[in-house]
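Written out below as structure tokens is the structure these notes cover.
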Amino acid sequence: MAAGRARAPTAYALTPRGAHPTEAVRHDPCHTTGVEVVPQGRKARSALDRRLSSLLVVAPEKEVKQLDRVIIRFAGDSGDGMQLTGDRFTQETAAFGNDLVTLPNFPAEIRAPQGTLPGVSSFQVHFADHDILTAGDAPDVLVAMNPAALRANLGDLPKGATIIVDTHDFTARNLTKAGYTENPLDGDTLAEYALHTVDLTGMTIEAVKEFGLSRKDASRAKNMFALGLLSWMYGRPTETTNAFLAKRFAKVPDIRDANVAAFKAGWNFGETTEAFVVRYEIKPAKMAPGHYRNITGNLALSYGLIAGGVQSGLSVFLGSYPITPASDILHELSKHKGFGVTTFQAEDEIAGVGAAIGASFAGQLGVTTTSGPGVALKSEAVGLAVMTELPLVVVDVQRGGPSTGLPTKTEQADLMQAMFGRNGEAPVPIVAPQSPGDCFAAAVEAVRIAVTYRTPVMLLSDGYLANGSEPWRIPGLDELPTIDPDFATEKNQGSGDDAEFWPYLRDEATLARPWAIPGTPGLEHRIGGLEKGDGHGNISYDPANHDFMVRTRQAKVDRIADSLPPLEVDDPTGDAKVLVLGWGSTYGPIGAGVRRVRKAGYHVAQAHLRHLNPFPNDLGEVLKRYDKVLVPEMNLGQLSLLLRAKYLVDVVGYNEVRGLPLKAAVLADVIGGLVADAEGIDVDLTPASIQQESHDD
Amino acid sequence: MTDLGLPALRSGTESVPTTDEKQTGKDFTSDQEVRWCPGCGDYAVLKAVQSFLPDLGLRRENIVFVSGIGCSSRFPYYLDTYGMHSIHGRAPTIATGIATAREDLSVWVVTGDGDALSIGGNHLIHTLRRNVNMTILLFNNRIYGLTKGQYSPTSETGKVTKSTPMGSLDHPFNPVSLALGAEATFVARTIDSDRKHLTSVLAAAAAHRGTSLVEIYQNCPIFNDGAFDAIKSPDTKADAIIPLVHGEPVLFGAPLEDGRGAKALVRDEETGGVKVVATADVAAEDILVHDAHNPDPTMAFAISRLTDSGYLNTSPIGIFRQVQRPTYDDAAREQVASATTVPGDDDAADRSARLAALIGGGDTWTIL
Ligand code: SF4
């Protein structure tokens, strides 16, 4: 970016060409250039349409540069509305047709002390003209709303990155709060970056003057000013944001109008100022044909649970206790009672799962949602569901641990807890989504297993998937499985007057027991946590029976593997000696790392596990096909441990527990090292060796 | 039940299908061998429940008993209904799920003093405040039986047990006071050995829509024998039991010449509570008339405080409180029903269409 640097933290004039400030404000960003805007509500447009309209809005005097991808990070105080800003930019970008991946990052405190480093909240969005897999390793552009936001994020920026700073908050007091002894905007400390100092707040206050808001309220619209500026810079369509603001603030017209005005003012500022001389164009991505929306993991997971209810004909009963980062699923499901969904906010985690088990016993689809600490509390009850063999979906949106750990950060260190975190031999199937949109299909799969096999199922999402988003191709209902609850209605043992109902007489194929719900005459029975006699289900302390039942419960879970497709291995030429195997949200960074290595001309295979228990039947065979198996995880090697134990394969772990997604560049290096080892060659992954200018992360 | 002069109310079992078939206690007896210690008070309660259930006239398959852990929690195995013997302290949570999911079930919880008041104390109070339609039978033997004789949260301070050789230090809970504090809508206390009283309380509890808490004094002859002797012995019980009958003056003790009990409850001006006085010493109109339907639980609480926290020499017995409040499960079902009342909703095809609209909503675009 070739913009001149302003040394002093003073505002650019709002109207460099002498126009009256309010005049600029009144301009509709899209209409100033005489472009016809596609009316709101007309949602289906071809990528070409959108590309054309975006090209046309470019003001003639500004240079337009083509880029294939950009990573922008919005950062500010947690009260500055950065999550909303990022979210709106994302919606605009999704509507434009780029592929995208987002990474929100916010403090655990609702309002950490204002202006301090712990109070910084950020939202990163990576968008491209091609299919991408991660939110990007390092931002190309940082928007910093205060000194703390600048300081907290500067370390992540590569040299030459663009920084747009709101100078308004660079006061002595705020600089001190952020730990600066000198104003970084003065002097040369930021000389290696393309720095733009703009009084975003001051211009926002000016732009919304006519609405008579207090100074405080007026300045709160500064995030919309910043959004307007960035929207201009990257040619984003504005109608989604205008529609959003109209709806969000429908009841407070002053605030609505101020936000709309600030948004337009930000756009116009970009258009008119001489400080920004270049606009960027990132063409829409070629994506598989289909109907798309942008979706976060928690939303997709909620929809998946509802879909599981519809596909099985069961009413969903959610018993839950609020916990970060899972609460949004409770919020979302509580809005969908129209699908027969009951949401019960319990007094604690245990009551949440207890009520879900009760609902399952009564013939509904019991679900409980939580994070790691909640799973620990629910363990005994999950064991009860194992013993009583009732359907139950336990959603664990993993966060940094142990104990309270890092509530708002991501991690995948609950695998062992999901696998073994109960007393006794208590096998529980485990399903893990690999991306935000994939949370939908993973939730449907968890419901399928729970209902078909009469078992609790762990659905392991994580904080990154929960809050991150991506374009999601909306599946047709015909793509979803039909799930049959197959309630028992008849006695199943003996005949005539001696006929009985045996609650533990199993289906031969699945080993599932009959699910007879209260209200079914003649099938009255008692179940509980005590060991059951095989078949009849009465209490049994017989040693041989216990041994048999323990093995049978395990065999039932193992048998789920027979219903799974073979593991998909991506090994384009079949020449790879190294396999990278992952699970959960590491899918994106692993895929991006693999692409880098392949672009540099080397061979590497990739596979990703949706099912962690049981593993797919062919996993052992796949592992043995490769000389080296790399298992990157955001834990200290939990999947590695399981693979080594089960398959006696000497897998290599790559492990980070920083509360953040793995980085593609780092993984590429690790993979490169293994490829060098396995093939006895030198591996060069320096940019020069990679033919393309940028990586397809 | 006698006419209580209340507006027409929904009964606790109103939505449960009934049967015209004649039922007996035997129909509710499972084929499992009952395994409590000889002489355990649990036998009497089981017999009373088995012979009472036919009176409800409900279909057997629509009755569910849920229990936690402890001696009494074996109860569901002995009843030929649907049942779940769950985990320690959690029965009210499971019953909440069942009762909320299914209006057509009569839901019962069997629990003990350790199960309900110690490990499950949280669930008990929250179930009571929500007023989920179920009846909780709290067997209070003031000791831990299944784990072989440790003191419980209702044991008297100073109790010498295996875990407290020098005497326990804990101040006990009074389950009735606790339930009233949690604003339970039905709170009663009865005695294992008084079949008639027990049955009348069960009937009232089952008829109540909401959470009914019934504390049952239950003797554990193995680890806490004689804990309730004062209220059971023919010699002492007249002075030990303070009978609570809605609409009647509270009188007890050996009868006077006029047939009234020698002792009476009156308001205590000094403490704001109630106290026991000689009936002969007070005017008839000053004697407290028990009002179980008083929306304000203060007086019921004051009466509950007359229970001895040490060795039980005196205890009010009967229905302390019986008031109407909307139940959680009715309200939860109403929310679901009101959200689903769109034409043809129960149609699965319609639900699928709405699912397609839901997931296909928001800002969408199409790639051709
Ligand atoms: S220990 Fe006590 S309460 Fe338990 S079964 Fe024996 S007598 Fe009954």
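What number of residues within segment A:642-658 are open to solvent by 50 Å² or more (accessible area, probe 1.4 Å) and under 19 Å from A:Ser585 (Cβ atoms)?
3
Within segment B:52-72, is there a residue that is within 9 Å of chain A (Cβ to nearest Cβ), under 19 Å from the mean Cα position of the chain (by Cα), open to solvent by 10 Å² or more (accessible area, probe 1.4 Å) and at negative phi?
Yes - at least one qualifying residue is present in segment B:52-72.
Taking A:Thr369, is it open to solvent by 10 Å² or more (accessible area, probe 1.4 Å), among the β-branched types (Val, Ile, Thr) and more than 8 Å from every other protein chain (Cβ to nearest Cβ)?
Considered against the rule, which asks whether it is open to solvent by 10 Å² or more (accessible area, probe 1.4 Å), among the β-branched types (Val, Ile, Thr) and more than 8 Å from every other protein chain (Cβ to nearest Cβ), A:Thr369 comes out as no.
Considering only segment B:106-115, I want to know if a residue exists there that is in the same structural domain as B:Arg189 (by TED's automatic domain parsing) and free of Cβ contacts under 8 Å to residues at least 40 places away in the same chain.
Here is the first cut: in segment B:106-115, the residues in the same structural domain as B:Arg189 (by TED's automatic domain parsing) are B:106-115.
Within this subset, residues satisfying the condition of being free of Cβ contacts under 8 Å to residues at least 40 places away in the same chain are none.
Within segment B:106-115, none of the residues are in the same structural domain as B:Arg189 (by TED's automatic domain parsing) and free of Cβ contacts under 8 Å to residues at least 40 places away in the same chain.
Here is a yes/no grid of residues against (1) out of contact with any Pro (no Cβ under 6 Å at 6 or more places or on another chain); (2) over 20 Å from B:Ser309 (Cα atoms); (3) at pLDDT below 95; (4) buried (at least 19 other Cβ atoms within 10 Å of the Cβ):
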| position | (1), (2), (3), (4) |
| --- | --- |
| B:Leu117 | no, no, no, yes |
| B:Arg129 | yes, yes, no, no |
| B:Gly145 | yes, no, yes, yes |
| B:Asp170 | yes, no, no, no |
| B:Asn174 | yes, no, no, yes |
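Need pairs with beta-carbon distance below 7 Å; first residue closer than 20 Å to A:Pro104 by Cβ and within segment A:424-441, second β-branched (Val, Ile, Thr); sequence gap 6+ or separate chains.
Close Cβ pairs (under 7 Å, with a partner that is β-branched (Val, Ile, Thr)) amount to A:Pro436/A:Ile295; A:Pro436/A:Thr296; A:Gly437/A:Ile295.
Pick from segment B:340-352 the residues that are open to solvent by 40 Å² or more (accessible area, probe 1.4 Å) and either part of a loop (DSSP other than H, G, I, E, B) or within 9 Å of another protein chain (Cβ to nearest Cβ) (or both): which of them is modelled with the lowest pLDDT?
B:Gly344
Just checking, does segment A:110-129 include any residue being of a type in the set (Asp, Glu), more than 26 Å from A:Val666 (Cβ to Cβ) and either open to solvent by 10 Å² or more (accessible area, probe 1.4 Å) or in contact with a helix residue (DSSP H, G or I) (Cβ under 7 Å, 6 or more places away or on another chain) (or both)?
Looking for residues that are of a type in the set (Asp, Glu), more than 26 Å from A:Val666 (Cβ to Cβ) and either open to solvent by 10 Å² or more (accessible area, probe 1.4 Å) or in contact with a helix residue (DSSP H, G or I) (Cβ under 7 Å, 6 or more places away or on another chain) (or both), one finds none in segment A:110-129, hence no.
Search segment A:516-532 for residues that are more than 21 Å from A:Asn545 (Cβ to Cβ) and pair each with any residue that is of a type in the set (Ser, Thr, Tyr) and outside any loop (DSSP other than H, G, I, E, B) when their beta-carbon atoms are under 7 Å apart and the residues are at least 6 apart or on different chains.
What qualifies is A:Pro518/B:Tyr82; A:Glu524/B:Tyr82.
Name every residue in segment A:89-101 that is under 16 Å from the mean Cα position of the chain (by Cα) and not in a strand (DSSP E or B), in order of residue number.
Residues satisfying the conditions are A:Thr90, A:Gln91, A:Ala94.
Exactly one condition in (1) open to solvent by less than 10 Å² (accessible area, probe 1.4 Å); (2) in contact with a strand residue (DSSP E or B) (Cβ under 7 Å, 6 or more places away or on another chain) is not met by A:Leu564; state its number.
Against the list (1) open to solvent by less than 10 Å² (accessible area, probe 1.4 Å); (2) in contact with a strand residue (DSSP E or B) (Cβ under 7 Å, 6 or more places away or on another chain), A:Leu564 comes up short only on (1).
Among the listed residues A:Ser327, A:Ser302, A:Ser320, identify the single one that is open to solvent by 10 Å² or more (accessible area, probe 1.4 Å), small (Gly, Ala, Ser) and modelled with pLDDT of 95 or more.
When all the criteria are applied, what remains is A:Ser327.
Do we find a residue being within 16 Å of the ligand (Cβ to nearest atom) and outside the structural domain of B:Glu285 (by TED's automatic domain parsing) anywhere in segment B:241-253?
Applying the first criterion (within 16 Å of the ligand (Cβ to nearest atom)) to segment B:241-253 yields none.
Within segment B:241-253 (the criterion being within 16 Å of the ligand (Cβ to nearest atom) and outside the structural domain of B:Glu285 (by TED's automatic domain parsing)), the answer is no, since none of the residues qualifies.
Given the conditions (1) more than 10 Å from every other protein chain (Cβ to nearest Cβ); (2) open to solvent by less than 20 Å² (accessible area, probe 1.4 Å); (3) in a helix (DSSP H, G or I), which single one is not true for A:Ala356?
(1)
Answer yes or no: is there a residue in segment B:272-289 that is at pLDDT below 95 and either more than 9 Å from chain A (Cβ to nearest Cβ) or open to solvent by 70 Å² or more (accessible area, probe 1.4 Å) (or both).
Taking segment B:272-289 first, the residues at pLDDT below 95 are B:272.
Still in the list and also either more than 9 Å from chain A (Cβ to nearest Cβ) or open to solvent by 70 Å² or more (accessible area, probe 1.4 Å) (or both): B:272.
Within segment B:272-289, one or more residues are at pLDDT below 95 and either more than 9 Å from chain A (Cβ to nearest Cβ) or open to solvent by 70 Å² or more (accessible area, probe 1.4 Å) (or both).
Answer yes if at least one residue in segment B:202-220 is within 16 Å of the ligand (Cβ to nearest atom), modelled with pLDDT of 95 or more, closer than 27 Å to B:Val45 by Cβ and open to solvent by 30 Å² or more (accessible area, probe 1.4 Å), and no otherwise. First the steps, then the outcome.
Step one: filter segment B:202-220 for residues within 16 Å of the ligand (Cβ to nearest atom), giving B:215-220.
Subsequent filtering for residues that are modelled with pLDDT of 95 or more retains B:215-220.
With the extra rule that they be closer than 27 Å to B:Val45 by Cβ, the set shrinks to B:215-220.
Add one more test, that the residue is open to solvent by 30 Å² or more (accessible area, probe 1.4 Å), and what stays is none.
Checking segment B:202-220: not a single residue is within 16 Å of the ligand (Cβ to nearest atom), modelled with pLDDT of 95 or more, closer than 27 Å to B:Val45 by Cβ and open to solvent by 30 Å² or more (accessible area, probe 1.4 Å).
Just name the residue that is surrounded by the most Cβ atoms within 10 Å (Cβ to Cβ) out of those in segment A:372-409 that are acidic (Asp, Glu) and within 14 Å of chain B (Cβ to nearest Cβ). If you could, list the steps in order and put the result at the bottom.
Step one: list which residues in segment A:372-409 are acidic (Asp, Glu), which gives A:380, A:389, A:396.
After this cut, where a residue has to be within 14 Å of chain B (Cβ to nearest Cβ) as well, the list is A:380, A:389.
Working: A:Glu380: 19, A:Glu389: 24.
Here the residue is A:Glu389.
Only helices (runs of 4 or more DSSP H) wholly contained in segment B:158-250 count here; list those with 1 or more residues that are over 27 Å from B:Ala278 (Cα atoms).
B:175-181, B:195-207
So which residues in segment B:10-68 are in contact with a Pro (Cβ under 6 Å, 6 or more places away or on another chain) and within 16 Å of the ligand (Cβ to nearest atom)?
Of everything in segment B:10-68, those that are in contact with a Pro (Cβ under 6 Å, 6 or more places away or on another chain) and within 16 Å of the ligand (Cβ to nearest atom) turn out to be B:Gly39, B:Ser67.
Could you count how many residues in segment A:188-212 are open to solvent by 40 Å² or more (accessible area, probe 1.4 Å) and of a type outside the set (S, T, N, Q)?
8
Restricting to segment A:525-550, what's the tally of residues that are open to solvent by 50 Å² or more (accessible area, probe 1.4 Å) and either more than 11 Å from every other protein chain (Cβ to nearest Cβ) or of a type in the set (S, T, N, Q) (or both)?
Residues flagged as open to solvent by 50 Å² or more (accessible area, probe 1.4 Å) and either more than 11 Å from every other protein chain (Cβ to nearest Cβ) or of a type in the set (S, T, N, Q) (or both) within segment A:525-550 amount to 9.
Of the numbered conditions (1) open to solvent by less than 40 Å² (accessible area, probe 1.4 Å); (2) away from the ligand (no atom under 16 Å from the Cβ); (3) free of Cβ contacts under 8 Å to residues at least 24 places away in the same chain, B:Gly226 satisfies every one except a single condition; which is it?
Checking B:Gly226 against (1) open to solvent by less than 40 Å² (accessible area, probe 1.4 Å); (2) away from the ligand (no atom under 16 Å from the Cβ); (3) free of Cβ contacts under 8 Å to residues at least 24 places away in the same chain, the one that fails is (2).
I need every pair where a residue in segment B:75-102 that is more than 7 Å from every other protein chain (Cβ to nearest Cβ) has its Cβ under 6 Å from the Cβ of a residue that is part of a loop (DSSP other than H, G, I, E, B) and buried (at least 24 other Cβ atoms within 10 Å of the Cβ), sequence separation at least 6 or different chains.
Listed by first residue and then by second, the contacts come to B:His88/B:Gly68; B:His88/B:Ile69; B:Gly89/B:Gly68; B:Gly89/B:Gly120; B:Ala91/B:Gly68; B:Ala99/B:Val132; B:Ala99/B:Asn133.
If I go through segment A:367-409 residue by residue, how many of them are in a helix (DSSP H, G or I) and touching a residue at least 40 places away in the same chain (Cβ under 8 Å)? Spell out the reasoning first.
Step one: list which residues in segment A:367-409 are in a helix (DSSP H, G or I), which gives A:372-388.
Next cut, touching a residue at least 40 places away in the same chain (Cβ under 8 Å) only: A:372-376, A:379-380, A:382-388.
Qualifying residue count, segment A:367-409: 14.
Restricting to segment B:139-170, and then to whatever is within 11 Å of the ligand (Cβ to nearest atom) and on the phi > 0 side of the Ramachandran plot, can you tell me which residue is nearest to the chain's Cα centre (by Cα)?
Top of the filtered list is B:Arg142.
Exactly one condition in (1) among the aliphatic types (A, V, I, L, M); (2) within 26 Å of A:Pro661 (Cβ to Cβ); (3) outside any loop (DSSP other than H, G, I, E, B) is false for A:Ala112; which is it?
Result: A:Ala112 fails condition (3) only.
With A:Phe344, A:Phe339, A:Phe317 as the choices, which residue is facing another protein chain (nearest Cβ under 9 Å) and closer than 21 Å to A:Pro429 by Cβ?
Only one candidate passes the filter, namely A:Phe317.
The values are calculated or read from the model by the stated rules, or taken from the named source; none is laboratory data. Predicted model only: the values in this text are computed from it and were never measured. With ideal geometry, Cβ positions are generated from the backbone for all residues, glycine too; neighbour counts draw on all protein chains shown. These accessible areas exclude ligands, DNA and RNA; they are computed on the full protein's heavy atoms, side chains included. Shrake-Rupley method; radii C 1.70, N 1.55, O 1.52, S 1.80 Å.
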